[in-house]
Every structure is written in structure tokens, then in C-alpha cells.
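Peer 1: The structure follows.
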Amino acid sequence: MPDLSVSYLGMELKSPIIAGSSGLTNSIESLREIEKAGAGAVVLKSVFEEEIYLEYAEEMNKLGPMDNNLEFLDYYDYEIRQGNLKRYIQLVYDAKKALTIPVIASINCVSNQEWSFFAKKLEEAGADAIELNMFIRPSDLSQNSRENESIYFDVATRVASNIKIPLSLKISSYFSNLGGMIRDLSFAEISGLVLFNKFYSPDIDVENEKLISADVFSTDSDYTLPLRWIGIMAKRVNCDLAASTGVHDWKTVVRMLLAGASAVQVVSAMYIDGVGVLKELNQGLSDWMKKRNYSSIADFKGKLSIGNDVDPAAYMRVQFMRNFGEHD
Ligand SMILES: Cc1cc2nc3c(=O)[nH]c(=O)nc-3n(C[C@H](O)[C@H](O)[C@H](O)COP(=O)(O)O)c2cc1C
């Protein structure tokens, strides 16, 4: 039986397949099913920066500027346990009690406002690691790319200085110099990068001429963007890379590992096929390894990443060349 265990964010996982953050990782019942289906770890549903900040700002207003002192912080510490965020802290606590696999708490952040202290609360509740789902809107035209990018580093540094557990960043591909950004972030105080997040996208209903939401789930062909960037970056970074978006079958799990991912995150496939899909992914991976005589994931991880004996042009090529367009 091949050994599926991997190291991710300094933690030992029994499988590289992680249940990614979503509504399915928001209840203990569902988390138990996910563990039973063979996940190597879970990323809990995100708590949103706005929720943290709003509660903080409300308390600030209630108390006034004179109370912005250590006593206030003690009071706030008390308040936070009474407020909305209590539920999230409880989720982390309960998940840790119910599961044996690592529990990664997740914070969705969109700015470097005063919320990073909350990461400490999640550590205290028992989280094994924290994943920051970061998206600083590139559509804010008042900010240039450097200003936008510097927020990622500020937030990572600030959160990392508040906690002792490993920190990972889940990012989008919306950077002008994506390779440079992935490399530089990997040298910040983080242990992993998740490539990439998928967002709600707008769509247009042409019958009613109305804006609507596009399908929230990925398809099984959406994996090629993370695959490319994991293949390009895996040997050039100073942290683990986890693949996210479009992992629907075991072949894509294998693809991501061959490209150099340390782990893969799965969400849409669990919604579409049920959480039992995780079992199939593990089985497919194990069968493939057996057939190839691989006894551990280290035997083939990154075999097809740039830096090994692969043609870099295959990852870098972006334009359709003449011979792909000769059908017309
Ligand atoms: C219903 C739903 C809820 C999600 N909620 C979160 C969330 O709270 N935090 C987060 O970081 N990602 C969230 N995501 C994004 C997923 O974690 C994942 O990055 C994305 O769906 C791409 O992976 P997939 O192709 O396996 O679905 C959500 C996705 C879906 C479909």
C-alpha cells in the first residue's frame, strides 16, 4: 500500500487531499464526514474581516477615544467572546475536539485594518494553522500595483508576528507580476501559498438584461491555471504550495503533485459529488502510485516542475501558435 502522507505547513498529513474552505467545512457533522472520507486536513469556512472589524469598531464607538487603552483591550477581549465571533472560535474549538486531522482556520481579509489580533484567538482555540484568504481589490483605481501588493506583505507580517502556528496565504492570480509576487511572498513569514482562490463572478442574463452571479462551482477543466503556476514556481519558492481550483478527479490530484504541489484543496467536487469523492481521490492516487511503483509521494512530487528535466516552454507558452489555429 503506497504511503500517501505529506508534509504541509510543517504538519504531517496522512493524505495530500485537503477539504478547502466552504460551507461544507462550517459544521461539525460535515467535518466528521469529511474526515471519514479521508481528508488529510480541513480548512474551515472563513470568518470575514468585516465581521471582525465591525465588532471592533462598534466597541470603539461605544467606549470613545479615552477608552482606547489596555483596559479597553481587556474589555474588548471579554466582549469578543460574547459577540458573533464567539461562534467561529467555538467552531475551531469543537472541530479540534471532534477531529484527529489538522484543522486550519481561515480568515477572509480585504485590507490591513485592525483585525489581525483575531488570528491569535484562533490559535488559542486550538487551530493547527491559519489560512488567510486575501484579496485586495485590483479594481481600486486609486491604488497603484505596488501599493496594492504591499498590503499582502504587511498583513502577512502582522499576522505572523501575532501567532506561533503556521500561516498560509490563499491568493488570486490577479497580479501584474504573478511569478515575482509568488516568489516574494514565499520569502515572507509564511509557510504556504494556496494557488488560487476562485471568486464569485458576475454574468449577464441576456433575456432580462440583468447582472446575475455566474456558477459558483469550478469545472474539471479549471485546473490548468493553478497547474501552470505550480509547475513554474514549485522549485523557486521558499514555502509549500497547495493547489486550489478545478480538482475534481484523482488524475488532477496526480497532475498537481507532479507539478510540485505539496497538497491539493477540493471544494466544488465535494458539493457536486458529495464528500465521499475524497475517498475516490485517495483511492485513485493510491492505485496510480502502485501501478508506477511509487511508494511515497516524495518519489514523484515536482517531477514535472520547472527546474527538473522538463521543457520550461511548455509551462510558459501562452499564445496559440499558427498550427493550433489552422482549422479556420
Ligand atoms: C459555496 C462555496 C463557499 C466558499 N467559501 C469560501 C470561504 O469561506 N473561504 C475561502 O477561502 N474560500 C471559499 N470558497 C472557495 C473555495 O475554498 C475554493 O478556493 C474554490 O471553490 C476553488 O476550488 P474548487 O475548484 O475545488 O471549488 C468557497 C467556494 C464555494 C463553492
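Peer 1: Out of all the residues in the stretch 198-222, which are assigned to a loop (DSSP other than H, G, I, E, B), surrounded by fewer than 10 Cβ atoms within 10 Å (Cβ to Cβ) and within 15 Å of the ligand (Cβ to nearest atom)?
Peer 2: Of everything in the stretch 198-222, those that are assigned to a loop (DSSP other than H, G, I, E, B), surrounded by fewer than 10 Cβ atoms within 10 Å (Cβ to Cβ) and within 15 Å of the ligand (Cβ to nearest atom) turn out to be Tyr200, Ser201, Ser221.
Peer 1: For residues that are part of a strand (DSSP E or B) and touching a helix residue (DSSP H, G or I) at 6+ places or on another chain (Cβ under 9 Å), scanning just the stretch 146-172, find the one that is surrounded by the most Cβ atoms within 10 Å (Cβ to Cβ).
Peer 2: Out of the qualifying residues, it is Leu169.
Peer 1: Moving on to the next point. Can you find even one residue in the stretch 289-310 that is more than 18 Å from Gly38 (Cβ to Cβ), part of a loop (DSSP other than H, G, I, E, B), among the charged types (D, E, K, R) and at pLDDT below 95?
Peer 2: Yes, because at least one residue in the stretch 289-310 is more than 18 Å from Gly38 (Cβ to Cβ), part of a loop (DSSP other than H, G, I, E, B), among the charged types (D, E, K, R) and at pLDDT below 95.
Peer 1: Specify the residue that is nearest to the ligand (Cβ to nearest atom); the eligible residues are those in the stretch 175-197 that are part of a loop (DSSP other than H, G, I, E, B) and under 15 Å from Arg228 (Cβ atoms). Break it down into steps so the answer makes sense when it comes.
Peer 2: Step one: list which residues in the stretch 175-197 are part of a loop (DSSP other than H, G, I, E, B), which gives 175-177, 187-191, 196-197.
Next, only the ones that are under 15 Å from Arg228 (Cβ atoms) stay: 175, 196.
Details: Phe175: 17, Phe196: 8 Å.
It comes out as Phe196.
Peer 1: Restricting to the stretch 223-242, name every residue that is surrounded by 20 or more Cβ atoms within 10 Å (Cβ to Cβ), assigned to a helix (DSSP H, G or I) and not aromatic (Phe, Trp, Tyr).
Peer 2: Pro226, Leu227, Ile230, Gly231, Ile232, Met233, Ala234
Peer 1: A further question follows. Test Lys164 against the stated conditions and say whether it is of a type in the set (D, E, K, R), away from the ligand (no atom under 16 Å from the Cβ), more than 22 Å from Met316 (Cα to Cα) and touching a residue at least 40 places away in the same chain (Cβ under 8 Å). Write out each step before concluding.
Peer 2: Working: of a type in the set (D, E, K, R): yes; away from the ligand (no atom under 16 Å from the Cβ): yes; more than 22 Å from Met316 (Cα to Cα): yes; touching a residue at least 40 places away in the same chain (Cβ under 8 Å): yes.
When the stated conditions are applied, Lys164 passes them.
Peer 1: Next question, about the same structure. What pairs can you find where one residue is in the stretch 13-41 and among the small types (Gly, Ala, Ser), the other is in a helix (DSSP H, G or I) and more than 10 Å from the ligand (Cβ to nearest atom), and their Cβ atoms are less than 6 Å apart, with a gap of 6+ or different chains?
Peer 2: Here the result reads Ser15/Asn282; Ala19/Ile34; Ala37/Leu278; Ala37/Lys279; Gly38/Leu278; Gly38/Lys279; Gly38/Asn282; Ala39/Leu278, each pair linking the stretch 13-41 to a residue that is in a helix (DSSP H, G or I) and more than 10 Å from the ligand (Cβ to nearest atom).
Peer 1: Looking at Ser296 and the list (1) out of contact with any helix residue (DSSP H, G or I) (no Cβ under 9 Å at 6 or more places or on another chain); (2) surrounded by fewer than 23 Cβ atoms within 10 Å (Cβ to Cβ); (3) polar (S, T, N, Q), which single condition is not satisfied?
Peer 2: (1)
The values are calculated or read from the model by the stated rules, or taken from the named source; none is laboratory data. The structure displayed is predicted, hence computed values, not measured ones. Here the Cβ is made from the backbone with ideal geometry for all residues, glycine too, and neighbour counts use every protein chain on show.
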